[in-house]
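Have a look at the structure below, then the notes.
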Number of protein chains: 2
Amino acid sequence: MPTYASMDKAALNEEYQKLSAAYEEYKARGLSLNMARGKPGAEQLSLSNDMLNVITPETAFKTEDNPDVRNYGGLDGIIEAKRLFADILGVKPENIFVGGNSSLNLMFDTIACLMELGAGAEPWNKQGTIKFLCPSPGYDRHFGVTEYFGIEMIAVPMTAEGPDMDVVEKLVSEDASIKGIWCVPKYSNPQGITYSDETVRRFAALRPAAKDFRIIWDNAYVIHDITDTPDSLLNIFDELKKNGNEDLVFEFCSTSKITFPGAGIAAIAASENNLKLLSKRYNFQTIGYDKLNMLRHVLYFKNLEGVLAHMQKHRAILEPRFELVVNMLESELKESGVAKWTKPNGGYFVSVDVTEGTAKRVVALCKEAGVVLTGAGATYPYGKDPKDSNIRVAPTYPPIEELQIAMEVFCISAKLAAAEKLLNA
Amino acid sequence: MPTYASMDKAALNEEYQKLSAAYEEYKARGLSLNMARGKPGAEQLSLSNDMLNVITPETAFKTEDNPDVRNYGGLDGIIEAKRLFADILGVKPENIFVGGNSSLNLMFDTIACLMELGAGAEPWNKQGTIKFLCPSPGYDRHFGVTEYFGIEMIAVPMTAEGPDMDVVEKLVSEDASIKGIWCVPKYSNPQGITYSDETVRRFAALRPAAKDFRIIWDNAYVIHDITDTPDSLLNIFDELKKNGNEDLVFEFCSTSKITFPGAGIAAIAASENNLKLLSKRYNFQTIGYDKLNMLRHVLYFKNLEGVLAHMQKHRAILEPRFELVVNMLESELKESGVAKWTKPNGGYFVSVDVTEGTAKRVVALCKEAGVVLTGAGATYPYGKDPKDSNIRVAPTYPPIEELQIAMEVFCISAKLAAAEKLLNA
């Protein structure tokens, strides 16, 4: 079959009629399927159920640096949990702060801290208009945090190696009102791109005009590999040290997609200076986070090896799903030339660029047929995809037989919208 | 024995020599005791150990309003936990938001929300100098939050019925830059005073000059009775309703001193309008709090009766401690007339007013002898007690035999400092 773009009107019209008929058949089934959010499925959640009973009547509540984890105290987390995150991220335990159940919350609080206290300069909220760079497509909740705080967002294009560093370097060196950038350096949300060594090195060597510029390094998928050929990410803190630039980065990580999304533990890795800055706020904000849940994680995993073995179980569940999605895209959309997509080695998403100007229509068609996707545009600042092309597909939550059907609907919708557009051109 | 104030110098000097000798004996023992913070003791913590195993392999993770508490979602908490807090506070479940492990954190975030978004008027952080009323003596961490956000603090005297309402009414009706007040309405920190019905009614009927004025009603000790004659607090929301004033109050509560201080659950009770306001921030701040820990609490307690039965176990541990402290004060300090104190029916503290101008000296003497108390002045805004008189005694944490010794040191120190002062006058 030729690509849709190369078809003549009659042939395309015939194809359109076929697609419409197929689409109506799915619609008539009254489906209710969801590929919207990066939520683990039920089978994944059950992998960690044994963690819930790892604290027994015999458990000692005293840890190496805490007299009783059930009580108040220990603002920055127990040392055993710091060590676990330090090993996951390749940093030292003294550079780790362990918080509550949400790394998003830690990121939000970090931005709030910079707004209120600043980073060696005036508080961000006293500097008038300030800006953040937003590699796009990116994570909608990052953009939401920036927008909440009234920080202006500048989209930066993504390349196969990560954010376009020529653009990043130029912008941050010229404009001192640019105070930060959102990064998901491994298996980026939504494209599943891992930043190349050169990209990481260029980030670590940045010399921003704003002395209070900070990189938010959201390493959400640091050990979330799903194939035999996992990506490898350069350790940003090793590179920062070479540049005397350790204060440039706040790194985030959590067990939300390792144990339980609602009841994991989250952490920050940062320089001594940056941890000191954050503590100026945390000292007033709370007496400390849930150390019993930290203990639960530590007792359950024991060490990094334990965590990595656990991730293999997730992989066993996730790999077939990602294969299904990519195979469906290959078999259903390749010939027609109406879309491009990524084939990630890990993370939680497959990013699909449908025909320009049709993403909203595809999402609407899917919705009409009972398949909920992330809103079109959500992967761009202010929810505005300039090309109306990017759609984030989240294959993890639905049971695999539902995923198959949801993808059938998705592929038909992508083709239908493309044909419509060409016919109306 | 006559009071110190009525002794002649020779008699007082003789007394001083005796006290000094006794003090030196304690000092020589190299004690290391702590009555500084309102921390439950080890025996109290163990009361809730069974909660840690209440989730079993057979537990269903689906609750009435949540498909799986292990996963993301459910920003404001599970309905079962809302009901439990609603019953504790005497409000409706739809007026409850259940958060993480710290009500202090919820209060901090609420102030942050009002700073950033305001309450129907300009955001608080865009209004120049704003002020908070701080009934004093009060809770140092409340004052810390206000100070962190650069909110000016005005001390308001406490009476036996709660904050001096003549002062409160006058100030809030005259000054629109006064935006709020900190209240611990039951068994106040540190005095253990419960607001009288009239005080609660006057709070509920307040007509502040600032339309965006809010009362922070920290009901930390709502069911924390320790005697046969518990205090009773009028339900503020019932009174607010009578005045059409439901948006005036944010109420806070937690299980920190019911189950585990480090791993409880915390809640906000508020009007529909106020919950809507908070959600404008929470929607960006997090995907939700630890619902497994909410489930743990709900399964363990089942209902309000379960919680109240549990509180009786706390009482059995705490009552003898409070009796010991008050009896020591009676027997050691009454005759000399060097101090006054409260005898609370609940809460976590005994408040002692030592001879004016000697609180810092008493705390220092205790410290020198190995007994750590809350810093003198901590119970006042900016850490400044104008009379240098109030000391917060926290009897819950040390084992009871240590508490006895700590109180002996405290009483000798209080007398020694008073005698010193009189001799140097």
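Tabulated data for the structure shown
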item	result
Close pairs (8 angstrom Cβ cut-off, 6 or more residues apart or separate chains): closer than 15 Å to B:Leu52 by Cβ in region A:295-309, among the charged types (D, E, K, R) anywhere	A:Leu295/A:Glu80; A:Val298/A:Glu80; A:Tyr300/A:Asp50
Inter-residue pairs, beta-carbon under 6 Å, first assigned by TED's automatic domain parsing to the domain that holds A:Ile111 and under 26 Å from A:Gly244 (Cβ atoms) and in region A:267-288, second acidic (Asp, Glu) and not in a strand (DSSP E or B), 6+ apart	A:Ser271/A:Glu246; A:Ser271/A:Asp247; A:Asn273/A:Asp247; A:Asn274/A:Asp247
Hits in region B:269-295 (condition: more than 18 Å from A:Asn105 (Cα to Cα) and under 25 Å from the mean Cα position of the chain (by Cα))	B:Ala269, B:Ala270, B:Ser271, B:Asn274, B:Leu275, B:Met294
Selected residue [surrounded by fewer than 19 Cβ atoms within 10 Å (Cβ to Cβ) and either within 23 Å of the chain's Cα centre (by Cα) or over 24 Å from A:Tyr26 (Cβ atoms) (or both)] from A:Ala316, A:Ala394	A:Ala316
Condition check for B:Ile287: in contact with a helix residue (DSSP H, G or I) (Cβ under 7 Å, 6 or more places away or on another chain) and within 14 Å of another protein chain (Cβ to nearest Cβ)	yes
Index of the failed condition, B:Phe143 passing every other in (1) more than 11 Å from B:Ile181 (Cα to Cα); (2) within 14 Å of chain A (Cβ to nearest Cβ); (3) buried (at least 19 other Cβ atoms within 10 Å of the Cβ)	(1)
Filter result for A:Phe301 (touching a Leu at 6+ places or on another chain (Cβ under 9 Å) and at negative phi)	yes
Exclusive hit being surrounded by fewer than 24 Cβ atoms within 10 Å (Cβ to Cβ) and touching an Asp or Glu at 6+ places or on another chain (Cβ under 9 Å), set A:Phe260, A:Phe284	A:Phe284
Hits in region A:102-145 - residues which are closer than 14 Å to A:Asp218 by Cα and either touching a Cys at 6+ places or on another chain (Cβ under 8 Å) or small (Gly, Ala, Ser) (or both)	A:Ser102, A:Ser103, A:Pro135, A:Gly138, A:His142, A:Phe143
Any hit, region B:278-288, residues being over 30 Å from B:Lys62 (Cβ atoms) and at pLDDT 95 or above	no
So A:Glu147, is it of a type outside the set (A, V, I, L, M, F, W, C) and closer than 18 Å to B:Leu117 by Cα	yes
Residues being within 14 Å of chain B (Cβ to nearest Cβ), within 32 Å of the chain's Cα centre (by Cα) and surrounded by fewer than 20 Cβ atoms within 10 Å (Cβ to Cβ) - total across region A:66-92	2
Identity of the residue in region B:93-110, away from chain A (no Cβ under 14 Å) and touching a strand residue (DSSP E or B) at 6+ places or on another chain (Cβ under 9 Å), that ends up farthest from B:Gly73 (Cα to Cα)	B:Asn95
Any hit, region B:318-332, residues being touching a Lys or Arg at 6+ places or on another chain (Cβ under 7 Å) and closer than 22 Å to B:Tyr397 by Cβ	yes
Where A:Arg281 falls short, out of the listed (1) away from chain B (no Cβ under 14 Å); (2) of a type outside the set (S, T, N, Q); (3) in contact with a helix residue (DSSP H, G or I) (Cβ under 6 Å, 6 or more places away or on another chain)	(1)
Residues satisfying the stated conditions in region B:347-371, i.e. under 20 Å from the mean Cα position of the chain (by Cα), in contact (Cβ under 8 Å) with a residue 60 or more places away in the chain and surrounded by fewer than 24 Cβ atoms within 10 Å (Cβ to Cβ)	B:Ser351
Residue in region B:7-53 that is farthest from B:Thr355 (Cα to Cα), counting only those that are among the polar types (S, T, N, Q) and touching a residue at least 40 places away in the same chain (Cβ under 8 Å)	B:Ser48
Answer residue from region B:13-47, given it is in a helix (DSSP H, G or I) and buried (at least 18 other Cβ atoms within 10 Å of the Cβ) and is nearest to the other protein chains (Cβ to nearest Cβ) among those	B:Leu45
From B:Ala160, B:Ala220, B:Ala204, B:Ala209, residue being over 21 Å from the mean Cα position of the chain (by Cα) and outside the structural domain of B:Pro395 (by TED's automatic domain parsing)	B:Ala209
From B:Leu318, B:Leu295, B:Leu299, residue being within 14 Å of another protein chain (Cβ to nearest Cβ) and in contact with a strand residue (DSSP E or B) (Cβ under 9 Å, 6 or more places away or on another chain)	B:Leu295
Looking only at region A:49-65, and only at residues there that are more than 9 Å from chain B (Cβ to nearest Cβ) and not in a loop (DSSP other than H, G, I, E, B), the one that is nearest to A:Ser256 (Cα to Cα)	A:Met51
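The values are calculated or read from the model by the stated rules, or taken from the named source; none is laboratory data. Note that the structure is predicted; figures quoted are calculated from it, not measured. FYI the Cβ positions are ideal-geometry reconstructions off the backbone, even for glycines, and counts take in every protein chain you see.
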